[in-house]
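Structure first, then comments.
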Amino acid sequence: MTPLPSLFVLVAGLTMALSGFLLFQVQPMLARYILPWFGGSATTWTVCVLFFQLSLLLGYSYAHLVARLLGPRARVAIHLAIVAISLATLPITPSEGFRPPDADYPTWRILVLLSACVGLPYFVLSTTTPLVQNWLAFAGSATPSRLFALSNFGSFLGLISYPLVVDLYLPTDSQTWGWSAAYVVYAVLISAFGLLVAFVARNAPETAVPEPSTMADAAARSAPGSFPLWFALSTFGSISLLAITNYITSYVSVNPFLWILPLSLYLLSFVVAFARPSLYRPGLFGLLYAAALAFNFFTATNLGIDNAFGVIVVNLVCFALCCMVCQGELARRQPAPEQLTLFYLTLAAGGAAGGVFVSLVAPLIFPDYWELPLGLIGVGVIHIMLNRRRGEARRLAPQGLAMPVAVVLAAAFALYTELFEGDELVDRHRNFYGVLKVEELDADEPKWRRHIMVQAGENQGEQLLDPAKRNRATCDFGPASGIGRALASLQRRQPDGVRLGIVGLGAGMLVSQGRPMDSFRYYELNPTVTDFARQHFTFLADARSSVDVIHGDGRLALERELKAAGSREFDLLHIDAFRGNAPPAHLMTKEAFDVYFQHLRKGGVLAVTSHNDYYDASSLFRGMAELAGAQVRWLPPARGVDCERSVGFALFSRDPAFFADAGISPGGWEDKSDSKTVWTDQRSSLMSLMVWAR
């Protein structure tokens, strides 16, 4: 076979690398852009991934059909016309008109938003891998699938560069405009490559059939039985990817960096497996994955690792080996060039099936993140089946025995954790915003028996069940806490009543400190939180103050109220909507603080809850106070508080007299520094607040 001209291969390689880069950089970019519009929920990312997986399936379906039904020149002409049309949809910056007016139907709103903003460009990009490889095969390449690794390497660079470079240094609007400019470059490259293919096609029959692959076992890899395996490996790999992402972000935060880590490992496994298929040795990787699988689910028991970072590392190592098993087995079964479009179509279908299951089906049928053991253990079962088919289970006894034992142990550990560990479960519900639980603690001690609300591993409020103590605020909301001291000071200064606004309801503990003349207005994103607060806690029912609960994202609701009716004239506005220890970015920007201070009366107080386990927001608090023209004081967790994870409070006020009256003097900051950080809606990164060591 005549070697392809170097220009031909160069243009093809650049096109595939850039398409991969753009395909995967736009995913965290747009998810990050719209995250504040949907309350900072981790599920925003999984729904975005679902959209991109479905778009990829649509693109691969198109590539497969045109490769089967049209000749080379017709394929090029139609595709370049679609590329030209897609340029008219740029830039991909989401319009403010897509901001949701309420908390209803978030999944479908995200899918519609992404379809309108990036649907056609993403569709075009998704066709690149199968189409370019098909065009290469037509032009005479014997192994066009080797460029699949180049595409995945570009994807890996696109992903990893986002949190480390793009999100750190560019405002969000600049990010989307920069991506749009890069897409224009891609359009030029794919058009140039298409014209080269059309030129070659002028001197070749339209029905030309590429030569079969010279790779060993091509016929066996293209056997009819390969199709279900392609689909199953892709499906369970996708389930594992999304499930592991949900799991680790629930431990720490909704952080683009933690979105990208699992997806980067997923892509890197494609790069390694398809660039050098010989590196994957089923026996060795099966043994490693078996050990990681069993240990991973062991860490979830009460005998395992009691450290969030440790748990995340163990899960990511297990997932990386899971990916190598999936992609390694797929690389061993990649077909001859003329069947590549079907191969990629099947992989896309499996990926989309996994995405649909995790994003749409699992929340309806599973009350918790049970798709995680399903995905990881499912890959182990597939490995066992493949080993039996190859006869390696008998030939390599340790490797062959390890995976069945690991699957049984992993399933046993998962069941043990669900059925026998932890406190008594009172209620549990899962929706778009995550898994919310109510648990009963100290059931055998009547004086201390209590209910606790938990979401994303965080205590959302608790209540003693003893009738004589049930209206006592425990944990971080007692009279000695930062928020308790602020409220008590305002009540002393204003005997006629205090108006409070609170973003984040939880169990409603703070209302227990209210007086008949006080009023509380809660803003709660998750309707299930309100249901549980009324069904399993009595703070709202026993409240002496008037209480209103408004559903929807707190910042968006405050913005709407400001435009519709003006300031609420709160005496105290409390931001208490943290998730997984992380400051919610959209609630901590200059624009958000502008809204907060407009809703405060003159001399009012803004209180912000802060967890400093993995993020230290001290510099952010100081920077935002300076920008708002306010003073800020840090109140650390109250000593002796009966709470697993105590929190501190940052109190802001433009009235110096408030701090003097409350007896709050300037104290030491957690970071022992005076540096300042400012976030805006266009520029904010949790990476700047990460605590790497204590």
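The values are calculated or read from the model by the stated rules, or taken from the named source; none is laboratory data. Here the structure is a predicted model, which means the values were calculated and not measured. Every residue, glycine as well, gets a Cβ built from its backbone with ideal geometry; the counts of neighbours run over all protein chains shown. Keep in mind that these areas ignore ligands, DNA and RNA; they rest on the heavy atoms of the full protein, side chains included. Shrake-Rupley method; radii C 1.70, N 1.55, O 1.52, S 1.80 Å.
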>> I'm checking my understanding of the structure. Among residues of the stretch 252-262 that are at pLDDT 75 or above and open to solvent by 10 Å² or more (accessible area, probe 1.4 Å), which one is farthest from Ile160 (Cα to Cα)?
In response: Leu258
> Filtering the stretch 473-493 down to residues that are within 12 Å of Pro636 (Cα to Cα) and surrounded by 22 or more Cβ atoms within 10 Å (Cβ to Cβ), which residue is modelled with the highest pLDDT?
Replying inline: Ile483
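Of all residues in the stretch 438-468, count the ones that are among the small types (Gly, Ala, Ser) and more than 26 Å from Ser250 (Cβ to Cβ). Break it down stepwise before answering.
Keep residues of the stretch 438-468 that are among the small types (Gly, Ala, Ser), which gives 443, 456-457, 461, 468.
The next check asks that each one be more than 26 Å from Ser250 (Cβ to Cβ); those that pass are 468.
Adding up the residues that qualify gives 1.
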> What's the number of the condition Arg633 fails, among (1) at pLDDT below 85; (2) of a type in the set (Lys, Arg); (3) crowded, with 17+ Cβ neighbours inside 10 Å?
Replying inline: (1)
> Within the stretch 346-353, is there a residue that is farther than 24 Å from Leu50 by Cβ and either among the basic types (Lys, Arg) or surrounded by 24 or more Cβ atoms within 10 Å (Cβ to Cβ) (or both)?
Replying inline: no
>> Cβ-Cβ distance below 7 Å, separation of 6 or more or different chains: which pairs start in the stretch 173-200 with a residue that is without any contact (Cβ under 8 Å) to a residue 40 or more places away in the chain and end on one that is open to solvent by 10 Å² or more (accessible area, probe 1.4 Å) and not in a helix (DSSP H, G or I)?
In response: Gly178/Leu170
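If you go through the stretch 51-108, how many residues are among the basic types (Lys, Arg) and surrounded by 18 or more Cβ atoms within 10 Å (Cβ to Cβ)?
Within the stretch 51-108, the subset among the basic types (Lys, Arg) is 68, 73, 75, 99.
Of the ones still in play, those that are also surrounded by 18 or more Cβ atoms within 10 Å (Cβ to Cβ) are 75.
Matching residues across the stretch 51-108 total 1.
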> For the stretch 510-528, how many residues meet the condition of being without any contact (Cβ under 8 Å) to a residue 40 or more places away in the chain and either open to solvent by 40 Å² or more (accessible area, probe 1.4 Å) or more than 28 Å from Leu35 (Cα to Cα) (or both)?
Replying inline: 7
> Of all residues in the stretch 264-280, which are open to solvent by 60 Å² or more (accessible area, probe 1.4 Å) and outside any helix (DSSP H, G or I)?
Replying inline: Arg276
> Restricting attention to the stretch 653-683, and to residues there that are in contact with a strand residue (DSSP E or B) (Cβ under 8 Å, 6 or more places away or on another chain) and of a type in the set (D, E, K, R), which single residue is least open to solvent (accessible area, probe 1.4 Å)?
Replying inline: Asp655
>> Scan the stretch 590-602 and tell me whether some residue there is of a type in the set (Gly, Ala, Ser) and either open to solvent by 10 Å² or more (accessible area, probe 1.4 Å) or at pLDDT 95 or above (or both).
In response: no
>> Can you confirm whether Asp531 is touching a Pro at 6+ places or on another chain (Cβ under 9 Å), open to solvent by 10 Å² or more (accessible area, probe 1.4 Å) and not aliphatic (A, V, I, L, M)?
In response: no
> From Leu465, Leu436, Leu441, Leu505, which residue is over 25 Å from the mean Cα position of the chain (by Cα) and modelled with pLDDT of 90 or more?
Replying inline: Leu465
> Within the stretch 429-458, how many residues are touching a residue at least 40 places away in the same chain (Cβ under 8 Å), under 21 Å from Asn302 (Cβ atoms) and open to solvent by 50 Å² or more (accessible area, probe 1.4 Å)?
Replying inline: 1
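Would you be able to say whether some residue in the stretch 440-454 is in contact with a His (Cβ under 7 Å, 6 or more places away or on another chain) and farther than 28 Å from Asp553 by Cβ? Give the derivation first.
Filtering the stretch 440-454 for residues in contact with a His (Cβ under 7 Å, 6 or more places away or on another chain) gives 440, 451.
The next check asks that each one be farther than 28 Å from Asp553 by Cβ; those that pass are 440.
Taking every residue of the stretch 440-454 in turn, at least one turns out to be in contact with a His (Cβ under 7 Å, 6 or more places away or on another chain) and farther than 28 Å from Asp553 by Cβ.
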> Can you pull out the residues in the stretch 444-462 that are under 28 Å from the mean Cα position of the chain (by Cα) and assigned to a loop (DSSP other than H, G, I, E, B)?
Replying inline: Ala456, Gly457
